[in-house]
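Written out below as structure tokens is the structure these notes cover.
The values are calculated or read from the model by the stated rules, or taken from the named source; none is laboratory data. Nothing here was measured: the structure is a model prediction, and the numbers come from that model. Don't worry about glycine lacking a Cβ; one is built from the backbone with ideal geometry, like all the others, and counts go over all protein chains shown. With ligands, DNA and RNA removed, areas are computed over all heavy atoms of the protein, side chains included. Shrake-Rupley method; radii C 1.70, N 1.55, O 1.52, S 1.80 Å.
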Amino acid sequence: MQGLLLVAFICLSSLPAGFSSYRVIAKNEASTPGPRHLLEPIYDVIHTQRGANVTLPCVLRIRSRVYKVKWTKVNPTDALENIILITNGQQRKNYNQLSGRVRLRRGHQNDASLIITDVRLEDEGKYRCQLVNGLEDENLFLSLRLDGVVFPYQARFGRYLFNYFDARQKCEEQDAMLATSLQLYQAWTEGLDWCNAGWLLDGTVQYPIIKTREPCGGNIPPGIRTYGPKDTKKDRYDAFCFTSTLKGHVYFIPAPVSYAEAVLACQKQGAAIAKVGQLYAAWKFLYLDHCDGGWLEDSSVRFPIVNPRDRCGGHPDPGVRSFGFPDKAQRIYGVYCYTQKNRGGEQGV
Ligand SMILES: *[C@@H]1O[C@H](CO)[C@@H](O)[C@H](O)[C@H]1NC(C)=O
């Protein structure tokens, strides 16, 4: 890796930065007692999956006659206040954020917990429940995390061709979104080792290294190598995409087909040729393991391996293997299809 400006080993404590500083303040009893009017949440990081309904707890300890609760999404790169809803206990007003997918739980009189339905990838992040109570406003911060999988993504024509906006679009086209630093860090702890730098959601460029080697940041401890923030229009890298669980499933059709025939073969069965994110999600969450290369929607050819074995690429670790982007007219590969129906194809899983 030539031109590496900064190599950093990210440690756990530096990650949820905004959140941990809040906790430090809240726990500093001498100057600031904890929230008086809101109950401290039992868990302040809430794990969920795409498509699920999730509750962000916010319960009033003391309810005054006149009060308001305001829910916002806290976006560190966005100066605007992203209001989700405001309630005064009787009525509530919904705003643009998450519109149509939120409601209050109202389990009891003092319950201002927020329910998000049909969770989407972009819902991950930090939320604030703010009690507006005259002079004494109080805030609770909660983090929503989706179970997911991070995958590196490269252009058809080679390495380092995406600016930030291309990278964001490419991930979205593959049923994913640009990964956050935290998601990349978690993927690294789970085994992601990738020696090409990629954009992340915050506009930084990083890559995860487990097996220390010379061209990948040199002989320093394993970790996340980072170039820091880069020029989102001019600088070009690969992408790290994040996706979560699937509603449907992915299956393989073994017939050797060209790319165009592959698209039709899935359509004929009422399915669609699978996207890269869908193959990764099926590998990670549905344990799809198949030793044959198949076309995907972006005209790459890949196959998912859960139980590594010699005759399946010989790589010792589980993963999704890639043949890159072969000539679309070649009839060597099968195809991976995605369907929301439960019935699979000839080799359904
Ligand atoms: C989420 O809640 C809605 C009702 O608001 C319900 O129709 C849907 O089935 C729920 N989804 C899940 C995954 O529980």
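Quick notes
- Förster-model FRET efficiency, 41 Å R0, ASN163 and VAL45, C-beta, rounded to 0.05: 0.80
- Per-residue HN-Hα couplings for segment 262-268 [Karplus 6.51, -1.76, 1.60; θ = phi - 60°; Hz; x = Gly/Pro]: 5, 4, 5, 4, 5, 4, 4
- Segment 277-319 versus segment 32-73: alpha-carbon centroid distance in Å: 41 Å
- Panel note: the C-alpha atoms of the chain, placed on their principal axes, show extents of 72, 50, 36 Å (largest first).
- Sparse-neighbourhood loop sites, chymotrypsin sites (Phe, Trp or Tyr not before Pro) in segment 38-142 - DSSP loop, at most 14 other Cβ within 10 angstrom: TYR43
- Relative to one another, the C-alpha centroids of segment 204-247 and segment 85-104 are positioned 38 Å apart.
- The mean sequence separation of alpha-carbon pairs under 8 Å and at least six residues apart, normalised by the residue count of the chain, gives a relative contact order of 15 percent.
- Scaling the Cα radius of gyration of segment 21-146 by the globular reference 2.2 N^0.38 Å produces a ratio of 1.03.
- Sequence-distant residues sharing a close amide H with GLY218 (under 5 Å, placed H): ARG213
- For the chain, the solvent-accessible area works out to 50 Å² per residue, with a probe of 1.4 Å and every protein chain left in place.
- Gyration tensor analysis over the Cα atoms of segment 148-243 returns equivalent ellipsoid semi-axes of 20, 15, 11 Å (largest first, whole Å).
- Segment 249-348: radius of gyration over Cα atoms, expressed as a fraction of 2.2 N^0.38 Å: 0.98
- Here ASP317 sits with roughly 70 square angstrom of accessible surface, probe radius 1.4 Å.
- Under the simplified labelling scheme, the HIS108-ARG61 pair shows an inter-label distance of 1.5 nm, with each label point 7 Å from Cα along Cα→Cβ.
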